[in-house]
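Reviewing the structure listed below.
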Amino acid sequence: MTRKASSLDPQALFAGDAARDIALVSDTELRQLRVFCVVVAAGGFSAATAELQVDLSAVSRQFKELELRVGARLAQRGRGGFALTPQGEQLHRSVRHLFGALQTFRGEVAGLSRQAGPLLRLGLVDALLTAPHTAGPLGLPAALAACADALPGLQVQVLTLRPIEIERRLLTQELDAGILAAHAAAAGLEQHRLYAEPNSLFVAPGHPWHGSGDRPLEAAELEHAAFVMDPYSVDLPHPELAGMRHSRTHADSIEGVALLIASGRYAGFLPDHLVQAVAPLAGFRAVQPERFSYAQDIVLTCRQGNGSVAVRRLVQQLLRAQPVSSAMQG
């Protein structure tokens, strides 16, 4: 008896005609699958719009078109939040395999013209170099040096990306590891804690709060203040600053946040080490640090079961001084 192909069978997913022996994936379908991965990594449509740089209706339309192609509902969305259906989870696994195979193919083709050494593709958030834990024998530069010494011919590709983009590229196997702020990891990823990074709410000369001393800020001031929002503070531990998330002033990097704060018109969060290390930021003032400062864990993230020799070596170097309990599974 001939088995009827499931609509989620990787070989029949986009066939269109059950008689085809090979499923052809078009550029349009690949774009829809990438949108799907970003939505899953972001945990919903709204959170994915900033990463995709399109409006909510475009994200929703692409997702619905993908569901029509697959012939199954891929996620529950509504007031209860975003959650993959069993079919969505199966597709997510298949897509990760697909993008992994594409990346392997690219690597094999690139290696045809040269004898390539091990490859380490590393995604980083910005403003890591001035962190105290980055310098010295246990920091990232020292770990990369140790990897290069231990793995002759090692090729390293470093990309500075937003956290959601790092996770998406890890899931699609476009990156091998990432260093970013800790949060609930997407399924299939694991986190290893590196250190805690103190962050504070800063203002610059010219801002009304800059010369206010330690005067407690009133609720009305916090509600109507001009904040700059960054891609790292989505889970701020300050309920009184909830309105900050609705700010129309955004920056996609820490340097962009610092630039807007320097105008004297906005308040925003920055890592303490950056303000202390960068001369042009010397005039910045932390606003009630006992009230608004917080520590953000910085983690090394990679795919569960990643067997890459370069990733294993990097993890070993960065965690060799960390306690055994530093791994945080996703």
If a residue must be under 18 Å from T172 (Cβ atoms) and buried (at least 18 other Cβ atoms within 10 Å of the Cβ), how many such residues does the stretch 85-97 contain?
6
Tell me which residues, restricted to the stretch 73-82, are surrounded by fewer than 17 Cβ atoms within 10 Å (Cβ to Cβ) and at pLDDT 90 or above.
R73
Take the residues in the stretch 212-227 that are surrounded by 11 or more Cβ atoms within 10 Å (Cβ to Cβ) and farther than 12 Å from R291 by Cβ; name whichever of them is farthest from the chain's Cα centre (by Cα).
S212
Is there a residue being of a type in the set (F, W, Y), in a loop (DSSP other than H, G, I, E, B) and at pLDDT 90 or above anywhere in the stretch 222-233?
no
For the stretch 156-166, indicate whether the set of residues that are touching a strand residue (DSSP E or B) at 6+ places or on another chain (Cβ under 7 Å) and in a helix (DSSP H, G or I) is non-empty.
yes
Apart from one, (1) touching a residue at least 60 places away in the same chain (Cβ under 8 Å); (2) in a loop (DSSP other than H, G, I, E, B); (3) closer than 20 Å to E165 by Cα all hold for S94; the odd one out is (2)
Could you tell me whether any residue of the stretch 33-40 is closer than 17 Å to L171 by Cβ and at pLDDT below 80?
no
Restricting attention to the stretch 186-209, does a residue exist that is without any contact (Cβ under 8 Å) to a residue 40 or more places away in the chain, buried (at least 16 other Cβ atoms within 10 Å of the Cβ) and outside any strand (DSSP E or B)?
no
Only helices (runs of 4 or more DSSP H) wholly contained in the stretch 253-311 count here; list those with 1 or more residues that are of a type in the set (K, R), farther than 14 Å from V228 by Cβ and assigned by TED's automatic domain parsing to the domain that holds L161.
289-292
Across the stretch 126-153, the tally of residues that are β-branched (V, I, T) and modelled with pLDDT of 90 or more stands at 0
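The values are calculated or read from the model by the stated rules, or taken from the named source; none is laboratory data. On a predicted model such as this, the values are computed, not experimentally measured, just so you know. Quick reminder, even Gly has a Cβ in these numbers, built from the backbone with ideal geometry, and neighbours come from all protein chains shown.
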